[in-house]
1. Show me the ranking of peptides 219-228, 174-183, 29-38 by mean Cβ neighbours inside 10 Å, starting with the highest.
2. Can you tell me how segment 1-57 classifies by the Cα gyration tensor, rounded, prolate or oblate, using a/c under 1.5 as the rounded cut?
3. Using r as the Cβ-Cβ distance of K128 and I83, and R0 as 35 Å, what FRET efficiency do you calculate, to the nearest 0.05?
4. Calculate the spin-label point distance for L201 paired with I184, positioning each point 7 Å from the Cα along the beta-carbon direction, and give it in nanometres.
5. Of K169/K221; K128/K169; K128/K221, which pairs sit farther than 24 Å apart, going by alpha carbon to alpha carbon?
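Laboratory data are not the source of any read-out in this text; all were calculated from the coordinates shown. Just so it is clear, the structure is predicted and the values come from calculations on it, not from any experiment. Glycine also receives a Cβ, built like all others from the backbone with ideal geometry; neighbour counts cover every protein chain displayed.
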Amino acid sequence: MISDLLLALIPAAFIAGFITSIAGGGGILFVTTAIALGVPSLNALALNRVTDLGVLTGAFNNFRKVPEIPWRSIKIFTPLFLIGAIAGASFSVSIDEATLQTLLIGAAVLAIGLTIIRPRPQVSGERKWFLIGYFFIFIIGFWDGAIAMAGTTFFMIAAHYFFGMDYMKARVVNMFTAIPETIISAAILITHSTISLSTGLTLYVCAAIGAYVGSKIAITKGQEFIRYGMIAVSVMMIAKLVIYDMILKS
């Protein structure tokens, strides 16, 4: 028999998979929902990583069909993102809640601004812009490992600005780049959690279905649809921080 808690988490996993496959940020909704329903923080984070694995599974077949995937960039980005994520995970244990909230709000406002303004990509081919871009990929990996909130959104902005990728291509590159980090993080969190196999598998499948639908729509609608999704994710992050963390929990 399915528990009431699992019944409540099933739609959250589907929606998180749908959102993440388009512009990232589904974890904001899922983790907040899980914790609000009484799931311990570690288990909520572990289940969120399970849904991330579902996103990779559900979106993979659709995104791999996008033409002209820049595999060379993926090969360079992947180790930078992974090393940054590992460093960020180590750092996250030392940061206090107030500082974290300030960083998140500032980052969300920045993400909205950059997504709306759409600064012209630095595609002049100058080596310095690529080097700066690689540094930002590392920093975003650090952010994803430490905070795991809207890392995909920031990655897409960096890929667009420093490497001239459109948002569709940037989302595809992010998916492939994040595979090792997602698998390693999921394995670590699941090992240290108390989630059941049946719960994990159920939410994994729901997220995969949501990601399949979301990625299908993203490919059909194009990069403007993805850009609006990025704005929505940034707004959702601010709402979560201001309404849930600062008001409801105070």
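1. 174-183, 29-38, 219-228
2. prolate
3. In this case the efficiency is close to 0.95.
4. Computed distance between label sites I184 and L201 equals 2.9 nm.
5. K128/K221
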